[in-house]
Amino acid sequence: MKFTLNINGESQQVDVEPETPLLWVLRDDVGLTGTKFGCGIARCGACTIHVDGQAMKSCQLQASAAVGKKITTIEGLSKDSSHPVQQAWVEVGVPQCGYCQSGQIMSASALLAKRKNPTDAEIEAAMADNLCRCGTYQRIMQAIRLASSKIQQA
Amino acid sequence: MNKIVSKKTLSRRSFIQASAAVGGGLMLGFHMPDALAATISPKSSSTSTAVGTEINAWLVIDKDNTVTMRIPHTEMGQGGLTSVTMLIAEELNVDWSKIKTEWADANRHLRNNKEYKVMSTHGSQLVRLQHPHLMGAGASARERLKQAAAEAWGIDRSQITAKLGTLTAGNRTATYGEFAEAAAKVKLDKEPEISIDPTKWWLLGKPTQRLDIPNKVNGSAQYAIDTKVPGMVYAAVKASPVPWGTLKSHNFDAIKSRPGVIAAIPLKAVAGKRGQPDLQDAIAVVADSYYRAKTALDLLPVEWDFGEAAKDNSAAYYAAGHKLMEQKGQVSGKEEPKAAETIAASSKVVTASYQRPFETHARMEPINATVWVQDDRIDVWSPTQDQSAAITLVADQTGMDPKNVYAHTMFLGGGFGGNGGGGTGVTRQAAEISKQLKKPVKVIWSREEDLAQDKQRPLAVAKLTASIGDDGLPTALFTRAAWFSQDAMNQIGGATSDYGIYNIPYKVPYRQHERHNAKTHIPSSTHRAPGANQMGFMAEVFVDEMAIAGGWDPLEWRLKMTEGLDDFQLVFKTLKEKAGFRTDLPKGEGMGIAMVESHGTIAACCATVTVSRRGRLNIEKILVVLDAGRVINPHAATEQCEGSVCWELSHAWTGGLELEGGRFVNTNFDSYNLLRIDQNPHVETIFASSGGDKFGGLGEPAGPPAPPAVANAIFYATGKRIRSTPFRQHDLSWT
């Protein structure tokens with residue numbers, strides 16, 4: 001089935017089974033590989049993207065259900081890694097292997113879009129679905145607090 | 001299906017500008033290694049893109065003074081890319097902003113008789129063991145540049161200084177670039193010594209931003225799973241759910257009309273050889289997209305013969321292991337009959353048994369490999385820690401001369417000793433399918449396949465017994481341990497089951513350790529801090545049991561029992577000074593100590609926990625004190641310690657694979673629980689460096705002492721002695 005998706009501000013026509021998870025459409029059809037496959041059951045958060053500004057796990061989201069919605073992937077979060085969350089991630093040096101970090105950044109940026117100054121408990125609640133096997137959690141907390149202060153100063 | 005041509009949202013140029021804009025200090029203008037596999041020609045790995053004159057295999061210097069360093073190691077999150085660059089740059093003495101990096105060519109390494117010495121990254125060895133030749137490559141190039149200038153200027157080499165890319169003698173100066181061509185022809189009478197004195201370093205030892213970070217905040221870092229090759233097809237695979245079962249039948253007709261499905265290919269088991277992982281019986285479904293391949297595979301009727309292994313379960317393994325604890329095993333080191341004799345004659349004896357389950361690597365990048373078999377060459381994109389092994393493995397599977405196999409180095413979505421695609425059969429699977437279909441193929445293991453078929457950390461059992469003297473210290477220590485590995489081997493790779501339990505530093509008068517090697521059908525592998533990760537828990541919880549039985553404070557006991565061992569004393573004294581360790585906290589609160597030495601590094605932890613009356617555990621803080629001799633990049637080293645602690649607590653607290661009917665009950669992250677952000681303790685890392693000639697590893701050692709420190713803290717908080725993991729299975733409630 002052919003349909004059109006709005007991804008990172010551009011229209012993309014795809015031709016897949018309508019139930020195909022958006023994750024695989026992004027990765028294999030559109031070629032945006034920054035969104036990662038981790039578990040396929042929405043338990044690790046590596047595939048987190050924004051749909052109309054909400055953090056969603058693209059491995060459990062049917063591509064056809066995203067028609068008419070604004071899809072943002074890590075590649076579209078900013079043109080030049082200038083989003084405050086990306087800047088904070090670099091300054092704190094969060095990533096180790098980096099594989100989960102697109103998802104972490106997308107979850108964190110969705111949180112800060114809603115709550116500019118979240119409490120630690122709110123950060124933990126918003127990030128609890130994003131697994132990191134390298135154990136960068138401590139730096140993720142630190143970077144979100146830093147990004148929060150950047151956003152508030154802006 | 002209409003394939004839309006992949007379109008990059010950031011050009012390389014804009015990316016480099018972006019990294020300069022968001023980065024600071026040392027990172028400005030730094031080029032990332034080119035691992036853009038999704039768009040590069042598969043032939044590109046044999047062709048370096050470095051511009052200039054090759055001084056040696058590691059270094060190319062251009063006329064404009066740009067230095068390209070070739071990195072023969074893997075970046076899997078441990079900071080290896082940056083460490084290698086720092087080691088070479090320290091000796092070459094070159095402006096950090098003038099450095100570019102690219103991955104070294106594994107095929108060249110093979111053809112030129114191991115030109116890069118080692119192209120495998122494991123065992124926390126990169127700094128520990130590879131520093132001599134990496135620093136040596138920089139030192140040699142520096143001296144040859146100086147010699148070339150000395151000859152041109154008619155002076156002696158000793159009159160020239162080389163600093164930050166500039167050669168100077170009196171009023172004369174030149175850039176390295178100006179003398180690169182001449183230096184390439186220089187032969188030195190004697191290769192220079194490297195400088196291992198940390199007080200003389202200008203770059204090493206300084207906290208340095210990792211070079212791969214900017215690539216990892218915008219989705220541009222390319223992992224093996226991101227590989228896209230023209231004409232590529234996708235395969236989903238399934239090996240016997242009970243490992244090493246045989247494939248009896250499959251019915252391709254049931255799925256062949258599904259969209260995009262190309263073939264179902266049965267894969268026959270191949271026995272592994274040293275350094276060449278095996279392949280199990282498996283079935284692969286190939287389609288024009290991964291999703292189509294995976295959904296078709298899920299619907300494919302398949303019959304297996306599981307064999308006797310289908311009867312195996314964890315409880316039976318533990319029972320067998322504890323039975324072995326009553327039998328004589330292989331003696332590690334020398335036989336010491338007085339250990340058992342002293343215990344038999346003692347009036348005060350402490351004894352305890354411990355057990356720990358299988359654990360899996362669960363790298364966030366699921367196991368995968370892309371292989372393209374052509375008539376005259378094979379290309380491999382695999383998340384391997386060992387490029388050399390990837391080449392020989394594919395050559396073995398296909399019959400191709402290894403000289404015609406090209407392994408592309410990728411960023412790894414985690415390593416942890418499991419070696420990504422290199423330590424499993426996936427690379428053989430991809431090679432076999434590509435050979436049969438004559439197309440490039442990408443094989444991805446689903447998370448369920450990854451957990452079921454990865455090579456696991458062995459289940460382990462131990463029993464420790466000590467006699468306690470009048471001074472409360474042990475007079476003898478007798479220990480036995482067993483681990484369950486596929487080949488009933490004491491050794492997996494370079495790691496042994498003795499780590500963490502036999503090679504302990506405490507000076508007990510009489511000591512004997514015996515090991516049993518029990519067999520399982522579950523494939524086994526090294527797993528971050530192998531051996532020490534399982535056995536260190538057993539030994540260090542028992543240390544607390546011994547100390548408390550003898551009336552000693554556990555920290556004072558460890559200080560006493562390592563008297564005369566300066567580096568251990570340094571670590572324990574630092575811990576004592578920084579941790580505020582105490583055993584008199586109110587009930588429900590506890591602190592615990594543990595120390596495990598691995599990879600040449602001493603690591604001690606102090607854990608602070610709270611346990612609610614209902615038994616809810618909260619690990620508040622882990623203080624880690626380490627002696628690795630010296631620290632190359634404190635920034636990356638600290639991150640590795642934080643990560644190692646989280647890694648081990650994932651297993652000891654929330655993890656644990658449970659075997660039932662020959663297969664694991666845990667199938668995905670809903671039933672194999674990794675530590676999540678709200679459970680992660682605050683980790684503080686302190687380096688207590690003894691210097692000298694010690695070069696310890698730092699990618700793994702901070703992990704093993706964390707679980708026993710927590711178990712020892714739980715004892716003080718609740719009075720409950722924890723002798724097995726995961727902690728989640730224990731009732732920690734107290735009144």
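The values are calculated or read from the model by the stated rules, or taken from the named source; none is laboratory data. Predicted model only: the values in this text are computed from it and were never measured. Note: ideal-geometry Cβ built from the backbone for every residue, glycine included; neighbour counts use all protein chains shown.
Before moving on, here are some points about what is shown:
- Test result for A:Ser64, within 8 Å of chain B (Cβ to nearest Cβ), touching a Pro at 6+ places or on another chain (Cβ under 8 Å) and among the polar types (S, T, N, Q): no
- Scanning segment A:39-56 for residues that are assigned to a loop (DSSP other than H, G, I, E, B) and within 12 Å of chain B (Cβ to nearest Cβ) turns up A:Cys39, A:Gly40, A:Ile41, A:Ala42, A:Arg43, A:Cys44, A:Gly45, A:Ala46, A:Cys47.
- Candidates B:Pro214, B:Pro230, B:Pro198: the one that is within 14 Å of another protein chain (Cβ to nearest Cβ), surrounded by fewer than 24 Cβ atoms within 10 Å (Cβ to Cβ), touching a residue at least 40 places away in the same chain (Cβ under 8 Å) and not basic (Lys, Arg) is B:Pro230.
- Any hit, segment B:279-291, residues being without any contact (Cβ under 8 Å) to a residue 12 or more places away in the chain and within 11 Å of another protein chain (Cβ to nearest Cβ): yes
- Test result for B:Val596, in contact with a strand residue (DSSP E or B) (Cβ under 9 Å, 6 or more places away or on another chain), part of a helix (DSSP H, G or I) and within 15 Å of B:Pro707 (Cα to Cα): no
- Qualifying residue in segment A:21-30 (condition: buried (at least 24 other Cβ atoms within 10 Å of the Cβ), more than 7 Å from chain B (Cβ to nearest Cβ) and more than 24 Å from B:Met232 (Cβ to Cβ)): no
- Sole exception among (1) buried (at least 24 other Cβ atoms within 10 Å of the Cβ); (2) more than 14 Å from chain A (Cβ to nearest Cβ); (3) aliphatic (A, V, I, L, M); (4) in a loop (DSSP other than H, G, I, E, B) for B:Ala50, by number: (1)
- Whenever a residue of segment B:341-353 is touching a residue at least 12 places away in the same chain (Cβ under 8 Å), its partners that are among the charged types (D, E, K, R) and surrounded by 13 or more Cβ atoms within 10 Å (Cβ to Cβ), lying with C-beta atoms within less than 8 angstrom and at least six residues away or across chains, give the pairs B:Val350/B:Glu545; B:Thr351/B:Lys463; B:Ala352/B:Lys463; B:Ala352/B:Glu545; B:Ala352/B:Arg721; B:Ala352/B:Arg723; B:Ser353/B:Lys463; B:Ser353/B:Arg723.
- Considering only residues in segment B:341-371 that are buried (at least 23 other Cβ atoms within 10 Å of the Cβ) and among the charged types (D, E, K, R), the one that is farthest from the other protein chains (Cβ to nearest Cβ) turns out to be B:Arg356.
- Condition check for B:Gly643: touching a Cys at 6+ places or on another chain (Cβ under 9 Å), assigned to a helix (DSSP H, G or I) and either within 13 Å of chain A (Cβ to nearest Cβ) or at pLDDT 95 or above (or both): yes
- Residue match in segment B:144-155 (condition: among the small types (Gly, Ala, Ser), in contact with a strand residue (DSSP E or B) (Cβ under 9 Å, 6 or more places away or on another chain) and assigned to a strand (DSSP E or B)): no
- Residue match in segment B:697-709 (condition: within 21 Å of B:Gln209 (Cα to Cα), of a type outside the set (D, E, K, R), assigned by TED's automatic domain parsing to the domain that holds B:Ile522 and surrounded by fewer than 24 Cβ atoms within 10 Å (Cβ to Cβ)): yes
- Exactly one residue among A:Lys69, A:Lys36 is more than 7 Å from chain B (Cβ to nearest Cβ), surrounded by fewer than 21 Cβ atoms within 10 Å (Cβ to Cβ) and of a type in the set (D, E, K, R), and that residue is A:Lys69.
- Taking the criterion of being in contact with a Ser or Thr (Cβ under 7 Å, 6 or more places away or on another chain), more than 27 Å from B:Ser220 (Cβ to Cβ) and either in contact (Cβ under 8 Å) with a residue 60 or more places away in the chain or not in a helix (DSSP H, G or I) (or both), the residues of segment B:391-416 that qualify are B:Leu393, B:Pro402.
- The one condition in (1) within 29 Å of B:Pro383 (Cα to Cα); (2) in contact (Cβ under 8 Å) with a residue 60 or more places away in the chain; (3) of a type outside the set (A, V, I, L, M); (4) in the same structural domain as A:Ile41 (by TED's automatic domain parsing) that A:Tyr99 fails to fulfil: (4)
- The residue of segment B:162-195 that is nearest to B:Arg630 (Cα to Cα), among those that are in contact (Cβ under 8 Å) with a residue 12 or more places away in the chain and polar (S, T, N, Q), is B:Ser195.
- Scanning segment A:74-98 for residues that are buried (at least 19 other Cβ atoms within 10 Å of the Cβ), farther than 19 Å from A:Met141 by Cβ and at the interface with chain B (Cβ under 7 Å from one of its Cβ atoms) yields A:Ile74, A:Glu75, A:Gly76, A:Ser81.
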